[in-house]
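Read-outs: derived from the displayed coordinates by stated rules, not from any lab. All of these numbers come straight from a predicted model, not from anything done at the bench. Note: ideal-geometry Cβ built from the backbone for every residue, glycine included; neighbour counts use all protein chains shown.
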Ligand code: CO
């Protein structure tokens, strides 16, 4: 399907606004209790609300003022190299189109609700951004090394997409794949899934599937812990450098 390559705000239809509002309200009802505080605060910092589809220009201004990160519009999910290369430039590749009302619960490719509602808020958090940029740097340095790319992909998957965080004695969610999915946000904190303390080595050697609810999630102690893990990751990767 042909997707927009830039956001033209006037092109959003009443259905687009209804989709955003429905998903936003449904997710916030769960996330108010289950999301990381930093995420919930960030939602306010970048001015998200149920009634307005975010305007990329405004979001980028607010992100730039905090971490110097921003969104860059792509029509569809980015190829690996493009995705990682933009991270090194402090840009997250995001789509600007929304699923239809009929696709509310099942979507094959990420849309703007996933990319923007799920990913953009924590781009206000410096430690999270530092870690994210480092993933991009590591991938770009070893683009021709499949083993390393696979391991960087797992680090990305189990943190940025499906990460949990320990907060005041409670486990909360922060991964974008959880934030933007109704079933995943119930499942992630339920007893049906395994929770494991974040551990660089184990994450790097954990396979995952993209077509099911996750069987296990890794729990970080804090975002600074994530940023500080980069040294250990780089050391682990050395073994695989050819
Ligand atoms: Co994502």
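See the values below:
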quantity: Average silhouette area of segment 123-242, convex hull of alpha-carbon atoms, in square nanometres; calculated: 7.4
quantity: Helical contribution to [θ] at 222 nm, DSSP H n ≥ 4, -39,500 (n - 2.57), averaged over the chain, rounded to 500; calculated: -13000 deg cm²/dmol
quantity: Principal-axis tilt of helix 126-141 within the chain, Cα atoms, nearest 10 degrees; calculated: 60
quantity: Residues 223, 162, sorted so that the one with the fewest Cβ neighbours within 10 Å comes first; calculated: 223, 162
quantity: Anisotropy class of segment 1-95 from Cα gyration tensor, a/c 1.5 cut; calculated: oblate
quantity: Residue order, fewest to most beta carbons within 10 Å, for 185, 197, 127; calculated: 197, 127, 185
quantity: In degrees, nearest ten, helix 146-156 long axis to first principal axis of the chain (Cα); calculated: 60
quantity: Peptides 175-184, 83-92 ordered by average Cβ neighbours within 10 Å, highest first; calculated: 175-184, 83-92
quantity: Rounded to 5, percent antiparallel among DSSP beta bridges of the chain; calculated: 30
quantity: Segment 9-234: projected area of the alpha-carbon convex hull, averaged over directions, in nm²; calculated: 11.5
quantity: For segment 106-123 and segment 183-242, distance of Cα centres in Å; calculated: 19
quantity: Segment 9-234, relative contact order in percent, only Cα pairs under 8 angstrom and at least six apart counted; calculated: 20
quantity: On Cα atoms only, tilt of 56-66 relative to the major axis of the chain in degrees; calculated: 40
quantity: Likely footprinting exposure, 106, 24, fewest C-beta neighbours within 10 Å first; calculated: 106, 24
